[in-house]
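The values are calculated or read from the model by the stated rules, or taken from the named source; none is laboratory data. These numbers were taken from a predicted model, which means no experiment stands behind them. For the accessible areas, the whole protein counts, side chains as well, though only heavy atoms, and no ligand, DNA or RNA atoms are used. Shrake-Rupley method; radii C 1.70, N 1.55, O 1.52, S 1.80 Å.
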Amino acid sequence: MAEPTDAVRIPDAKVALSTASVYPESTATAFEIAARLGYDGVEVMVWTDPVSQDIDALRRLSDYHRMPILAVHAPCLLITQRVWSTDPWVKLQRARAAAEKLGASAVVVHPPFRWQRQYARDFVSGIWRMANETDVRFAVENMYPWRYRDREMQAYAPDWDVTKDDYRHFTIDLSHASTSRTDALDMLDRMGDRLGHVHLADGKGSAKDEHLVPGRGDQPCAEVLEHLARTGFDGHVVIEVNTRRAMSSAEREADLAEALAFTRLHLAASGPSGPSGSSGSSGSSGSAGPSGAAGSTGSTGSAAKAHRR
């Protein structure tokens, strides 16, 4: 009897919920939702919510909900310039300490703003130095130029395209790829085996960083997940979506259930077991983008509908 040529590959990657995905609800609510929906863990966005800054409070939430903290997102947004410190290196040191104490394996960090001149000059070498001092991955995230009408501002240094510099680990954010109008699959190739972390969200190329539920934009979310499955990616896939427009907590939770179902579906990529074949996954990769979103809703849509009921 002939051996089957197709095999389902499910990587070791865990699927986490970013606490930013429940905003304007709280960090504590994110743990509750992640546990109820069956996420593997959470990524803590350190921001103005005091709980997100408190290691002991986070540990209690993790223990109570049995939700591992898989990653810590350092406070490097405009609104978090004074969180933990005004010194960006102190912020990273505290993020590393938090990750080590909480058992997280990754710290997500953005490249500096251009006006942080000294920090930007030392950033690449400084990230290497910190990475050499710990087992925690410092995964530097791709960003985007700021655009307004026909004007464009380079807001990040050394560059918003982090693949232009030498980092040990990268985070790819598909919503940021959309905003920068970058081919996400090309960026994934440039990152290669230094890809350490994924922020999964969709976008439609708007100048605003959209963070749509995967499958609702035109980014290759399905193809990226199937690539991770084929290559045995061992980092984390984090759902980082914007649910601020949800009209109720139930609608927000349904969006997060849909995002999880989409991710699980496409991480279970099937294809020929030989090195040259990836065609077995092409049937499902067409579900990415607006025209293919309906193709994936047989799983994701039914999960969301079931959750609403």
Using a Cα-Cα cut-off of under 12 Å, which aspartates and glutamates could be cross-linked to LYS14, ignoring same-chain neighbours fewer than 8 residues away? ASP40, GLU43, ASP234
Measure off, as a whole percent, the carbon and sulfur share of the 1.4 Å-probe accessible area of region 189-275, all protein chains present. 48 percent
Sequence-distant or interchain residues sharing an amide H contact under 5 Å with PHE138, placed H: which? VAL107
Report the extension gain between LEU185 and TRP89 in nm, rounded to one decimal, defined as 0.36 nm multiplied by the number of residues separating them, less their alpha carbon distance. 31.4 nm
Result for region 82-157: accessible area per residue, probe 1.4 angstrom, in square angstrom, of 53 Å²
Compute the relative contact order of region 78-237 as a whole-number percentage, counting only Cα pairs closer than 8 Å that sit 6 or more residues apart in sequence. 17 percent
With 0.36 nm assigned to each residue of separation and the Cα-Cα distance removed, ARG245 to ASP56 gains 64.9 nm
